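Contents: one structure, followed by commentary.
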Amino acid sequence: MMDPRARMPGTPDREAAEFVRFCRNRRRVGWPELYDEMCVVATRRLFRGYGFAELGELGIGFSLFGTTRLAATVAAVIADEPQAVRRGGLTARRGVAVAVAVDEGTPVTVQ
């Protein structure tokens, strides 16, 4: 029987995914603006008191060499969001959050 806490290869650590969701819920923007928000959260230790070192242990790296992996982690977490959230919630486009009403399909820019 598979350990329910185990993760599939290529999927983000559970806490890393929660960090991404936490940052995304604070500021609904896309990449690379979300990276800026993640840096703010890490600097201020707003997520469970974790700073850069603790997040690094989860696979969240902020160095120039780690940005590709971090962007892939963010993409994986966002892709894993429930379909209703992606369709009816906020989605990012060029750093501007855009809300789309599911029943109307009309985009509304959110500041």
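The values are calculated or read from the model by the stated rules, or taken from the named source; none is laboratory data. What you see is a predicted model, and the numbers here were worked out from it, not measured in a lab. When we count neighbours, we look across all protein chains shown, and the Cβ atoms used for this are built from the backbone with ideal geometry, even at glycine.
Please specify each residue of the range 14-45 satisfying the condition of being on the phi < 0 side of the Ramachandran plot and not in a helix (DSSP H, G or I). Answer for the range 14-45, where residues must be on the phi < 0 side of the Ramachandran plot and not in a helix (DSSP H, G or I): R27, R28, V29, G30, W31, P32.
Take the conditions (1) touching a strand residue (DSSP E or B) at 6+ places or on another chain (Cβ under 8 Å); (2) modelled with pLDDT of 85 or more; R87 misses just one of them, which is (2). Per the conditions (1) of a type outside the set (S, T, N, Q); (2) assigned to a helix (DSSP H, G or I); (3) modelled with pLDDT of 95 or more, the sole criterion not satisfied by Y50 is (2).
Name the pairs whose Cβ atoms lie under 6 Å apart, with the first residue in the range 14-39 and in contact (Cβ under 8 Å) with a residue 24 or more places away in the chain, the second part of a helix (DSSP H, G or I) and surrounded by fewer than 16 Cβ atoms within 10 Å (Cβ to Cβ), and 6 or more positions between them or separate chains? Listed pairs, sorted by first residue: W31/A71.
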